[in-house]
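Q: The structure follows.
The values are calculated or read from the model by the stated rules, or taken from the named source; none is laboratory data. In this text, all values refer to a predicted model and were calculated from it rather than measured experimentally. Cβ sites come from the backbone with ideal geometry, for glycine too, and all protein chains shown count toward neighbours.
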Amino acid sequence: MTARHETARSGHPARTPPANSPIGPSGARPHRMTEPYPFAPSGVPLSGRRGRGALTNDSGRFEPTSRVQIDDGWDIDNQPPPLRTEVTAETARTILTRNTSPDIPFDRSINPYRGCEHGCVYCFARPTHAYMGLSAGLDFESRLFAKPNAATLLAKELSRAGYEPAPIAMGTNTDPYQPIEQTYRITRSILEVLSDFNHPITIVTKSARVTRDLDILSDMAKRNLVKVALSVTTLDAKLARTMEPRASTPSRRLEAMKLLSSSGVPVGVMVAPIIPALNDAEMEKILTGAAYAGAQSAGFVLLRLPLEIKDLFDEWLKENQPDRAEHVMSLIRSMRGGKEYDATFGQRMRGTGPYAWQISRRFEIACKRLGLSRGSWNVDSSQFRVPGRGKQLDLI
């Protein structure tokens, strides 16, 4: 049996929850909950939770208290019930997110959802859930937020006087085609607005669900307004199942590439993230499979372990890859100047040192051999128009 202890967290003063936090003053409202959410404290392996990537659920880093579950000595199995997904409808105030990062090829993005049910244990976006008063662990993949007013907001923002069009990126923080998109269809509503405005967009996803919107995507592709990249981490179905449990299988992602490409939609492949001694040996195979499926461009990103992800990933490694866990972490440190992570612009995506150079060089050689362009995301912004604007009213 286990007992739950709650202690003050030193160095983290109490805070007022963000305006859109589900635990404080909020514009968010509960929309659907399939099952009451069972708290899963930190410190207890939860590898038996089917379809989940993280093993634990440490309190968010901004919280004044930290909840920890410990063994009280009683040899009784007291596992929590199966974890179900909870979705809260968030009334967003804006939908376009701006950035000025010098190593990112876009300055604006859209995230239809917060959190991601795919449950990829390595996801660099996990720490953002702390701003909602939630954990980067199981909370990130089971306590999700949807923005049903996203399309309406987008139309208003694109219609503002002085708006300068440039490609919008989707799939930068959480996946726009994660499982709840099947019900909420927010991504599709965003694409409908962008198509009406002749506005360019680039999409990155791990889901074959993107082919559902083939009608819109193929029409936009005829106007050079869209490019889609499928992210493929591994071709090993077993590894994918544990590392990114609710994403589409690798074979289905390749099939999605083939269908998109045959329908005239420009397709790319993202080998991301590359994890040394775990999936880096597959890089050439992934690129080859993607090229045969119709991919025209390719990119890669080295594993990033900011903030809470370092502990979540290390925990996952020891549970699922115990024989190579120390070796993987050692190689990661060798590419990050001796640390688990280095956020320096220009280095955070690629790393440094001999092993990082070797990965980069292998990628270049494979792309050249396969005829894949690197990082090509050219879409047309010149066709942008606000529907109905500039037309003379009919005289009656």
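Q: Output yes when any residue across segment 229-242 is out of contact with any helix residue (DSSP H, G or I) (no Cβ under 8 Å at 6 or more places or on another chain) and among the charged types (D, E, K, R), and no when none is.
A: Yes, there is a match, as at least one residue in segment 229-242 is out of contact with any helix residue (DSSP H, G or I) (no Cβ under 8 Å at 6 or more places or on another chain) and among the charged types (D, E, K, R).
Q: Name every residue in segment 210-237 that is within 22 Å of the chain's Cα centre (by Cα), without any contact (Cβ under 8 Å) to a residue 40 or more places away in the chain and surrounded by fewer than 20 Cβ atoms within 10 Å (Cβ to Cβ), in order of residue number.
A: Listed by number, the residues that qualify are R212, A237.
Q: Taking the condition aromatic (F, W, Y) and either at pLDDT below 95 or farther than 16 Å from Q178 by Cα (or both), does F124 pass?
A: Taking the combined requirement at face value, the residue satisfies it.
Q: Moving to a separate point now. Among S330, S334, S251, which is over 20 Å from S373 (Cα atoms), touching a Phe, Trp or Tyr at 6+ places or on another chain (Cβ under 6 Å) and surrounded by fewer than 22 Cβ atoms within 10 Å (Cβ to Cβ)?
A: Step by step, each of S330, S334, S251 is checked, and only S334 is over 20 Å from S373 (Cα atoms), touching a Phe, Trp or Tyr at 6+ places or on another chain (Cβ under 6 Å) and surrounded by fewer than 22 Cβ atoms within 10 Å (Cβ to Cβ).
Q: Can you find even one residue in segment 215-236 that is within 25 Å of E117 (Cα to Cα), assigned to a helix (DSSP H, G or I), among the charged types (D, E, K, R) and touching a strand residue (DSSP E or B) at 6+ places or on another chain (Cβ under 9 Å)?
A: Within segment 215-236, not a single residue is within 25 Å of E117 (Cα to Cα), assigned to a helix (DSSP H, G or I), among the charged types (D, E, K, R) and touching a strand residue (DSSP E or B) at 6+ places or on another chain (Cβ under 9 Å).
Yes/no matrix, rows are residues, columns are (1) in contact with a Lys or Arg (Cβ under 9 Å, 6 or more places away or on another chain); (2) outside any loop (DSSP other than H, G, I, E, B); (3) at pLDDT below 95:
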| site | (1), (2), (3) |
| --- | --- |
| M257 | no, yes, no |
| L260 | no, yes, no |
| V265 | yes, no, no |
| G268 | yes, yes, no |
| L278 | yes, no, no |
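Q: Given (1) buried (at least 21 other Cβ atoms within 10 Å of the Cβ); (2) within 18 Å of L191 (Cα to Cα), identify the lone condition not met by C120.
A: In the conditions (1) buried (at least 21 other Cβ atoms within 10 Å of the Cβ); (2) within 18 Å of L191 (Cα to Cα), C120 misses (2) alone.
Q: Those residues that are part of a loop (DSSP other than H, G, I, E, B), over 13 Å from G53 (Cβ atoms) and in contact with a strand residue (DSSP E or B) (Cβ under 6 Å, 6 or more places away or on another chain), I need them from segment 121-148; list them, please.
A: L134, K147, P148
Q: Let me ask something else about it. Take G289 and decide whether it is out of contact with any His (no Cβ under 8 Å at 6 or more places or on another chain) and under 18 Å from T205 (Cβ atoms).
A: yes
Q: Pull out all pairs, ordered by first then second residue, where Cβ-Cβ is under 8 Å, the residues are six or more apart or on different chains, the first lies in segment 340-367 and is touching a residue at least 60 places away in the same chain (Cβ under 8 Å), and the second is part of a loop (DSSP other than H, G, I, E, B) and of a type in the set (S, T, N, Q).
A: F345/S101
Q: Could you give me the residue pairs with C-beta distances under 7 Å whose first residue belongs to segment 368-386 and is of a type in the set (D, E, K, R), whose second residue is outside any loop (DSSP other than H, G, I, E, B) wherever it lies, and which are 6+ apart or on separate chains?
A: R374/S297; R374/A298; R374/G299; R374/C367
Q: May I ask you to say which residue of R252, R241 is within 15 Å of D175 (Cβ to Cβ) and part of a helix (DSSP H, G or I)?
A: Exactly one of R252, R241 is within 15 Å of D175 (Cβ to Cβ) and part of a helix (DSSP H, G or I), namely R252.
Q: Could you please give the count of residues in segment 149-188 that are of a type in the set (S, T, N, Q), assigned to a loop (DSSP other than H, G, I, E, B) and over 22 Å from I104 (Cα atoms)?
A: Count: 2.
Q: Within segment 325-339, which residues are in contact (Cβ under 8 Å) with a residue 12 or more places away in the chain and assigned to a loop (DSSP other than H, G, I, E, B)?
A: Those that are in contact (Cβ under 8 Å) with a residue 12 or more places away in the chain and assigned to a loop (DSSP other than H, G, I, E, B): M335, R336, G337.
Q: What are the pairs with Cβ atoms under 8 angstrom where one residue, in segment 160-183, is closer than 16 Å to G115 by Cα and the other, located anywhere, is of a type in the set (S, T, Y) and assigned to a helix (DSSP H, G or I)? Sequence gap at least six, or different chains.
A: Once the first residue is closer than 16 Å to G115 by Cα and sits in segment 160-183, its partners that are of a type in the set (S, T, Y) and assigned to a helix (DSSP H, G or I) give M170/T187; N173/T128; P176/T187; Y177/T187; E181/T187.
Q: Can you name the condition, by its number, that Y163 falls short on among (1) touching an Asp or Glu at 6+ places or on another chain (Cβ under 9 Å); (2) under 28 Å from G60 (Cβ atoms); (3) surrounded by fewer than 20 Cβ atoms within 10 Å (Cβ to Cβ)?
A: With (1) touching an Asp or Glu at 6+ places or on another chain (Cβ under 9 Å); (2) under 28 Å from G60 (Cβ atoms); (3) surrounded by fewer than 20 Cβ atoms within 10 Å (Cβ to Cβ) applied to Y163, the lone miss is (2).
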